[in-house]
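One structure is given here, and the rest of the page talks about it.
The values are calculated or read from the model by the stated rules, or taken from the named source; none is laboratory data. Note that the coordinates shown come from a computational prediction; the quantities given were computed from them, not determined experimentally. All Cβ positions, glycine included, derive from the backbone under ideal geometry; neighbour counts span all protein chains shown. Ligands, DNA and RNA are stripped out before the accessible areas are found, and what is left, the full protein with its side chains, is counted by its heavy atoms. Shrake-Rupley method; radii C 1.70, N 1.55, O 1.52, S 1.80 Å.
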Amino acid sequence: MTAAGAVLTEPDVAAFRSAMGRFPTGVALLTQGSADDTIVMTLNSLTSVSLAPLLLLISVKADGRMRPRISRAGSFAVNVLTERQRDLAQEFCRPDRSEGQAAMLRLAAVEGVTGNAVIPAAETYFECVLDAEHTAGDHTLLIGRVVALSDGTAGPDPLVFHQGRFGRLPVPRPEAA
C-alpha cells in the first residue's frame, strides 16, 4: 500500500524542484571579500551543523564564481535577510549583480572581522572561516566555523522563500500579562 499522492517512478528534476519548494527556507546573502573585492550571491541553503565547535553548512554551485573565491580566501559571511530586504535577495540572484564597492554601497555593508562584507541591518549575520569542502553532485558543500556573529537586535522579521515566492512569518502577538 502507498500513501496518497506517492510517486512510484524515478523523480525528474522538475518533480524534485517542486517537492523541495514545499520546504520553506530563510533567505541570505553570501559574501566573500569587501571593498573593491566584494562578491555577493543570494543563498537559501543554510544549515546549522554543530554547536561544539560552532559550524554551519552552505551549498554553492561547484562551477560558480563563489566557490573558488571562498576556497582561496578561506572565509565567507552569511547575512540573513529581513522581509524589508527582499529587493536585495532578488537583485543578488541575477548573473549581472553588482560587485566591489557598488555592492558594498548597495548593501550598506561594512567589513567584518574576517574581511568579508557584513550587513549591519540584516536579521543576523555569521562570519566563518572555511573548515571543509565536500563535492555533492553539481554543488559543493562548504562547512564554515563561525568566528563572529551579530546579536540580531533588529526585531524578528526574516525573509522566507516557499513554493517559488518570497513571504514572511506572521508577526508574533504580544503575550498577555
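Table for the structure above
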item: Region 61-120 - convex hull of the alpha-carbon atoms, volume per residue in Å³; result: 97 Å³
item: Cα Rg, Dmax, region 1-91, angstrom units; result: 16.9, 59
item: Which of 59, 33, 152, positive extreme of dipole for the chain (C-beta unit charges); result: 59
item: Kirkwood Rh (inverse of mean 1/r, distinct Cα pairs), region 73-177, angstrom; result: 15.6 Å
item: The chain: most fluctuating residue of 77, 14, 28 per GNM, C-alpha cutoff 10 Å; result: 14
item: In Å², nearest 10: area of residue 139 left accessible to a 1.4 Å probe; result: 60 Å²
item: Rel. contact order, % - alpha carbon contacts under 8 angstrom, at least six apart, the chain; result: 27 percent
item: Which label in (1) 1.11; (2) 1.27; (3) 1.32 gives the computed Cα Rg over 2.2 N^0.38 Å; result: (1)
